[in-house]
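> Quick one: structure below, then a few questions.
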Amino acid sequence: MIWGMELTVVESKPPPPGRRLPPWLKRPLPFGSFGATRGIIARSGIATVCEDARCPNLSECWSKGTATFMIMGHDCTRRCHFCAVVTAKPDPLELDEPRRLAVATAEMGLNHVVITAVARDDLPDEGAGHFAECVRQVRERASDTTVEVLPADFHARRECIAELVAARPDIYNHNIETVERLSPAIRPQAKYKRSMRVLEIIKELSPAMPTKSGVMVGLGESFEELVTTFRDLQAVGCNILTVGQYLQPTRTDHAEVEKFYTPAEFDALADAARDVGFKHVASGPFVRSSYNAGEVFAALRDRPHLPDPREQDPGHARG
């Protein structure tokens, strides 16, 4: 049944950018605590990937009182052709940012916080130490909040990854983004095999730490290539997979959408991921790595096959 989906996965071409989206890609207007969330974020002075990456889930997440914080500034040292974050020379790190992040997390009363960051290839440790301090500050001020980190690849430098692992986030998330064939064109300053190596190093340092990765679809990949990617992620011990629709941030400066996947096709991809061994899969048009991340983590904790990384020996994460 899954492989039979190949006929529908390959053919339908989307309208050009600016044309109407399919009905399943429409989002509701803000509701609930949208304004309160916006106020807390504004006072914190910390960027969010919700805004800077033009996430389609912003209104829903902010209305529920959740957000994904993006540390180390608004400007990224890399230029990925799917991402709306600005590429420019970044400003120096703000040393009080970890404290402000922790205060905002506590004020929002978050059960689960996702901390991502721009790539900081300009820094000697690529921002690993600053990232780790953010995790530690959240632990001190919001001890009941579970913490998910979503950093760049640190060029697969073991010492950088080890510094962040040693801060003991609850989930270490690193996105593979797309299939190997498309990776050089879509994320030219990153590498498919290097991202796989990052996920592998995390497990070498801390086997108990859950790892997570995300894949975008609609860039011209085949169903077989996606399944190969799922298998590659399984081979490096990845525990959680997210699969979502790529949406072109601008008409001229980003990769074109080659296909809009239907909800049924996302279900087929979830089935394929489970067939290769994933027990935790979120697959759908609006799924992003940080979307409903708390619910995904809660489901993970309900399963007894993975130990809690907070309960391991603090010395276990070794460089």
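The values are calculated or read from the model by the stated rules, or taken from the named source; none is laboratory data. Note that this is a predicted model, so its numbers are computed, not measured. In this analysis, Cβ positions are derived from the backbone assuming ideal geometry, glycine residues included, and neighbour counts consider all displayed protein chains.
> When you look at ARG139, is it part of a helix (DSSP H, G or I), out of contact with any strand residue (DSSP E or B) (no Cβ under 6 Å at 6 or more places or on another chain) and farther than 30 Å from MET196 by Cα, yes or no?
So ARG139 does not fit the description; no.
> Of the numbered conditions (1) of a type in the set (A, V, I, L, M); (2) within 20 Å of MET196 (Cβ to Cβ); (3) touching a residue at least 40 places away in the same chain (Cβ under 8 Å); (4) out of contact with any Phe, Trp or Tyr (no Cβ under 8 Å at 6 or more places or on another chain), ALA264 satisfies every one except a single condition; which is it?
Result: ALA264 fails condition (2) only.
> Do the conditions hold for SER195, that is, is it of a type in the set (S, T, N, Q) and in contact with a Phe, Trp or Tyr (Cβ under 8 Å, 6 or more places away or on another chain)?
In short, no.
> Output the residue which, of all residues in the stretch 145-173 that are of a type in the set (Val, Ile, Thr) and under 22 Å from ALA102 (Cβ atoms), is surrounded by the most Cβ atoms within 10 Å (Cβ to Cβ).
Only one residue tops the list, namely VAL165.
> Among all residue pairs at least 6 apart or on different chains, which show Cβ distances below 6 Å where the first residue, located in the stretch 87-108, is free of Cβ contacts under 8 Å to residues at least 24 places away in the same chain and the second is hydrophobic (A, V, I, L, M, F, W, C) and surrounded by 15 or more Cβ atoms within 10 Å (Cβ to Cβ)?
Qualifying pairs under 6 Å: THR87/CYS76.
> So if I check each of ALA152, ALA166, ALA104, ALA119, which one is under 17 Å from THR68 (Cβ atoms), small (Gly, Ala, Ser) and out of contact with any Ser or Thr (no Cβ under 8 Å at 6 or more places or on another chain)?
Of the residues listed, the single one that is under 17 Å from THR68 (Cβ atoms), small (Gly, Ala, Ser) and out of contact with any Ser or Thr (no Cβ under 8 Å at 6 or more places or on another chain) is ALA152.
> Here's another thing I want to ask about it. What number of residues within the stretch 142-168 satisfy the criterion of being in a strand (DSSP E or B) and of a type in the set (S, T, N, Q)?
Of the residues in the stretch 142-168, 1 are in a strand (DSSP E or B) and of a type in the set (S, T, N, Q).
> Can you go through VAL257, VAL287 and tell me which one is surrounded by 14 or more Cβ atoms within 10 Å (Cβ to Cβ), out of contact with any Cys (no Cβ under 8 Å at 6 or more places or on another chain), over 22 Å from LYS193 (Cβ atoms) and modelled with pLDDT under 90?
When all the criteria are applied, what remains is VAL287.
> If a residue has to be more than 23 Å from LYS212 (Cα to Cα) and modelled with pLDDT of 95 or more to count, how many in the stretch 100-130 make the cut?
3
> Still on this structure: Among the residues of the stretch 105-131, which ones are hydrophobic (A, V, I, L, M, F, W, C), outside any loop (DSSP other than H, G, I, E, B) and crowded, with 23+ Cβ neighbours inside 10 Å?
Within the stretch 105-131, VAL113, VAL114, ILE115, ALA117, ALA128, PHE131 meet the criteria.
> I want to confirm something. Restricting to the stretch 52-84 and keeping residues that are aliphatic (A, V, I, L, M) and buried (at least 21 other Cβ atoms within 10 Å of the Cβ), which single residue is modelled with the lowest pLDDT?
Once the filter is applied, the top-ranked residue is LEU58.
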